[in-house]
Amino acid sequence: MSKRYSVSVFAAENLLGTTAVVYVLTEPLEVRQMQALAQEERAPATCFLQLNDNNSINVRFFNTSHEILLCGHGLLACARVLTDYGFHSMTIKTVSDKVQVEVQSDSSVWVKFSELVAEPDLAPDWIATCLSVPPADVSRAGPSNGYWVMEWPADFDLSSLVINSDVLKSSTQRALIATQKSNRNKLDYCFRYFAPQHGVTEDKATGSANRVLTSYWSKKLGKPEVNALQLSPGGAFLKGRFEHGAVWISGNVFIDG
């Protein structure tokens, strides 16, 4: 039998963050079985951990409609669960990558990624019909199913930005990260995340977006460590660190049950 955990990630004072369900498998499941369980759970991410005889660790992530190739908050949730099995520094193999994880305390978990650089780009034609207000700067990161990084001025109310999900879904396979420098105390930047192409109209809290944004804002602000607020309806607090070409992301992680 597999063991099931419910985990809260990126919550902070007055911020709900997001959740993940983690199954620790005693035997492999087929993809259709994992997708069916994810549909039943209806969590932002349902994670399936396989502990192998040689102590290697594999994980796969699903939302209600898709497999997620790399889920940042899912990785943090899995790492927290793995402390119950005696792991505190580990490498987790996902479908797309091998990721280093360190657990520093009951609630402090850090996940290491190679840097994913956001390169300046021209604004695509579909922006005019997709966004209620055009961005000041446009970049893209990763392959064709990677990310658009679009920046607005610090005095713009980013929470008021309206996205036409149908246009975004039909125009690009890239997720859209909307971001701006923050004027709030102890925060460096704010962002929102949209990926209707991958079953996520607007995400509650997105660790994988911070893989891109940590280096993006660290370079702009000249700071190795940055704090971010995700302006989803419930809100989320994320931390990032950029060092030696690597990006570390973190946030509060608690097992609920």
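Go ahead and estimate [θ] at 222 nm for the chain from helices alone: -39,500 (n - 2.57) per DSSP H run with n ≥ 4, summed, over the residue count, rounded to 500.
Per the formula, -5500 deg cm²/dmol.
If I compute solvent accessible area with a 1.4 Å probe over the protein chains, what percent of it on region 1-112 is carbon and sulfur? Intermediate results must be reported in sequence, preceding the final value.
On the way: 2450 of 5390 Å².
Its accessible area is 45 percent carbon and sulfur atoms.
Given the pairs K181/K219; K98/K219; K112/K239; K93/K169; K98/K169; K112/K219, which span a C-alpha to C-alpha distance of over 23 angstrom in this model? Can you show the working numbers first?
Details: K181/K219 12 Å; K98/K219 25 Å; K112/K239 12 Å; K93/K169 29 Å; K98/K169 29 Å; K112/K219 18 Å.
Checking Cα-Cα distances, K98/K219; K93/K169; K98/K169 exceed 23 Å.
Cα axis of helix 72-82 to longest principal axis of the chain: angle in degrees, 0 to 90, nearest 10?
Approximately 20 degrees, to the nearest 10.
Could you tell me how many cubic angstrom of Cα convex hull volume region 205-257 has per residue? Don't jump to the answer; show the numbers that get you there.
Working: hull volume 4.4 nm³, N = 53.
Here the figure is 83 Å³ per residue.
Sort 154-167, 209-222, 66-79 by packing, meaning the average of other beta carbons within 10 Å per residue, with the highest value first.
Per-residue mean Cβ counts within 10 Å order the peptides as 66-79, 209-222, 154-167.
Would you please calculate the Kirkwood hydrodynamic radius of region 103-161 over all C-alpha pairs and express it in Å, rounded to one decimal?
For region 103-161, the Kirkwood estimate is 14.1 Å.
What FRET efficiency comes out for the pair S132/L16, r = Cβ-Cβ distance, R0 = 22 Å, nearest 0.05?
Working from the Cβ atoms, E equals 0.30.
Report the convex hull volume per residue for the chain, counting only C-alpha atoms, in Å³.
Per-residue hull volume (Cα only) is 125 Å³.
For the pair D157/N58, report the inter-label distance in nm, with labels modelled 7 Å from Cα in the Cβ direction.
5.0 nm
How large is ³J(HN,Hα) for each residue in region 160-171, as worked out from phi by the Karplus curve 6.51 cos²θ - 1.76 cosθ + 1.60 (θ = phi - 60°), to whole Hz, x for Gly and Pro?
In residue order, the calculated couplings are 8, 4, 10, 10, 8, 4, 5, 5, 4, 5, 8, 9 Hz.
Out of every Cα-Cα pair in region 67-220, what percent are more than 27 Å apart?
Here the tail beyond 27 Å accounts for 27 percent of pairs.
Where does region 39-106 land on the Kirkwood hydrodynamic radius, alpha-carbon pairs, in angstrom? Write down the numbers at each step before the final one.
Numbers: mean 1/r = 0.0811 Å⁻¹.
After inverting the mean inverse Cα-Cα distance, the result is 12.3 Å.
The values are calculated or read from the model by the stated rules, or taken from the named source; none is laboratory data. Note that the structure is a prediction, hence the values are computed from the model and not measured. Cβ atoms come from the backbone with ideal geometry, glycine included; neighbour counts cover every protein chain shown. Protein only, heavy atoms only, side chains kept; ligands, DNA and RNA dropped before computing areas. Shrake-Rupley method; radii C 1.70, N 1.55, O 1.52, S 1.80 Å.
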